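Written out below as structure tokens is the structure these notes cover.
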Amino acid sequence: MGDQSLVRRGTQVLVADPARVITKLFLPGQETLARGISRADAVIQRVQAMTDEEVAETLADVVESFADRHRDLSVTLAEHFQLVAHRLPDGAVRTAERRELIGAYFTQEYSVEAAALFNPSMVAHPDQSGLGAGEVRFILSLRAVGEGHVSSVEFRTGVIGASDRLTVDDPGRQLVTGTSTPAAMTVDYLRDALAERKDAPSAEQVLSLLPTSFTPAQLEAALGSITRQHLTRGSAAAIIAQIRWIASCNYQVTFPGDHALSECVLYPISADEGHGIEDVRLTRFLSPDAAPTYYGTYTAFDGSGVTPHLLRTDDFRSFESARLVGPASKNKGMALFPRRVNGRYLALSRWDRESIAVASSSDCLYWGDAVTVQVPERPWELIQLGNCGPPIETSEGWLVLTHGVGPMRAYGIGATLLDLDDPTRMIGTLDGPLLMPSEDERNGYVPNVVYSCGGLRHGSTLVLPYGCSDAAVRFAFIDLPGLLSQLTASPIQRQRRPG
């Protein structure tokens, strides 16, 4: 078994807080009433029938109850009014108060972490100013689950100090989801995304009519022109529909600078995220000729299928999200290496759903065939093996924390060491887990689970935030020299392959 004496559990615990809410557009059911109008139209008509005094009194009640929970509530209500204003004749709503009240009837609060808070990832903060000797400011990403089992991403900040003393800053209370816009793309990216279609030659004909690179408006104009000319020719219509789908899955989101990072929520935006943004694995990516960039691989879930995505940010204020493509980007749990290796981007992949593999890319978007480096073979991981975050570079090799699933679907966290120059070569692996659920970590939304999406090296300690049964987040402190010593103590024998 792994040496669990290498791990010290901290006392800090983060739990879900249902009072952390965002505002969302609320549309009453659109079923037709007996008199032939939608419920939304009926609601608007009822508000229009209210007297000015009733409008003022009702709006005042809304402001009193909700203004302290949301910054610029009146702006949100006005924006939501604009989204339903097409149902009204021009000039039908004469006062700002009535417009805001209509907006309030089409607004709801959503508790982003009402059901669960778990699966954290940790990186060094871009801002390390004002700290004492040996202190490191960090950013923690968290998977939050609310009503309908919809996952979003939240953040926390804190400091690791002397003797691995860890503090987490109190989170802000007025949450925002930012402003999203479609992202620009290239025809090469679309070509990679469509490469596996059976009608790839027809797809190439469509792509040949597109510019080399384009804004969303330019893409739509080009597709409209192609549709008018080629709609009835072969599979052009299906290809164009898929291009529009792919384009809708690539976007940018920007948060206002006056909100704390802990108030910024990455809530699902694209169609393939309809049921959640899951398990962001953050990494601080280093290039020899540029400032650090932060990447985060995550799983987009549309309710039936999953698609890996890639976040990119320099400042945690503006994010780009791109849908990953290629054979190795087919399942959950991709994790990007923190620098290029031999000129290539590398990522851990679980492309066969149960093993750890290494994939490479020239542009960080298209991921070709992966090389499997570790398969489930020990009792505690026989169901499934995957990573617990991006590899951590050490003098001995790439340290990969792993998760294994064993009897009774119990999860444990282990460790593997890969060669620095050739990460497809495994140097060592622990026979057993470093971390298993303790008795007070076993119960939760999903029982018997410890799981992490990435830790942070702090001197001779690996600080590992981890989720406990999808009910809470705790922190473990791992003796890094001791762990590396165990991983390099004996040579790896060729792994047994199933079958």
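Structure above, values below:
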read-out: Matching option when the condition is under 30 Å from His86 (Cα atoms), in contact with a Lys or Arg (Cβ under 7 Å, 6 or more places away or on another chain) and either crowded, with 17+ Cβ neighbours inside 10 Å or not charged (D, E, K, R) (or both), among Gln128, Gln174; value: Gln174
read-out: Close pairs from the range 268-284: first under 11 Å from Thr307 (Cβ atoms), partner assigned to a helix (DSSP H, G or I), Cβ under 7 Å, at least 6 apart; value: Ser270/Ser248; Ala271/Trp245; Ala271/Ser248
read-out: Whichever residue in the range 39-98 is basic (Lys, Arg), farther than 30 Å from Pro256 by Cβ and in a helix (DSSP H, G or I) and, among such residues, is modelled with the highest pLDDT; value: Arg46
read-out: The listed residue being of a type in the set (Lys, Arg), touching a helix residue (DSSP H, G or I) at 6+ places or on another chain (Cβ under 9 Å) and surrounded by fewer than 21 Cβ atoms within 10 Å (Cβ to Cβ), out of Arg191, Arg156; value: Arg191
read-out: So Val265, is it of a type in the set (A, V, I, L, M), outside the structural domain of Asp72 (by TED's automatic domain parsing), over 30 Å from Thr157 (Cα atoms) and surrounded by 13 or more Cβ atoms within 10 Å (Cβ to Cβ); value: no
read-out: Qualifying residue in the range 270-291 (condition: in contact with a helix residue (DSSP H, G or I) (Cβ under 8 Å, 6 or more places away or on another chain), in the same structural domain as Arg353 (by TED's automatic domain parsing), assigned to a loop (DSSP other than H, G, I, E, B) and crowded, with 17+ Cβ neighbours inside 10 Å); value: yes
read-out: Counted residues, the range 383-422 - those being touching a residue at least 60 places away in the same chain (Cβ under 8 Å) and of a type in the set (Val, Ile, Thr); value: 3
read-out: Residues being under 21 Å from the mean Cα position of the chain (by Cα) and in a loop (DSSP other than H, G, I, E, B) - total across the range 130-172; value: 4
read-out: Pick from the range 406-430, criterion in a loop (DSSP other than H, G, I, E, B) and touching a helix residue (DSSP H, G or I) at 6+ places or on another chain (Cβ under 9 Å), ranking: farthest from Ser151 (Cα to Cα); value: Leu430
read-out: Members of the range 320-359 that are part of a loop (DSSP other than H, G, I, E, B) and aliphatic (A, V, I, L, M); value: Leu324, Ala328, Met334
read-out: Subset of the range 302-319 that is outside any strand (DSSP E or B) and without any contact (Cβ under 8 Å) to a residue 60 or more places away in the chain - its residue that is nearest to the chain's Cα centre (by Cα); value: Asp302
read-out: Flag if Gly303 is buried (at least 24 other Cβ atoms within 10 Å of the Cβ) and not aliphatic (A, V, I, L, M); value: no
read-out: Filter pass, Ser121 being within 18 Å of the chain's Cα centre (by Cα), more than 28 Å from Pro338 (Cβ to Cβ) and at pLDDT 95 or above; value: no
read-out: Filter result (outside any loop (DSSP other than H, G, I, E, B) and polar (S, T, N, Q)) within the range 448-467; value: Thr461
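The values are calculated or read from the model by the stated rules, or taken from the named source; none is laboratory data. The model shown is predicted, which means the values in this text are computed figures rather than measured ones. Heads up, the Cβs are rebuilt from the backbone with ideal geometry, glycines too, and the neighbour counts pull from every protein chain shown.
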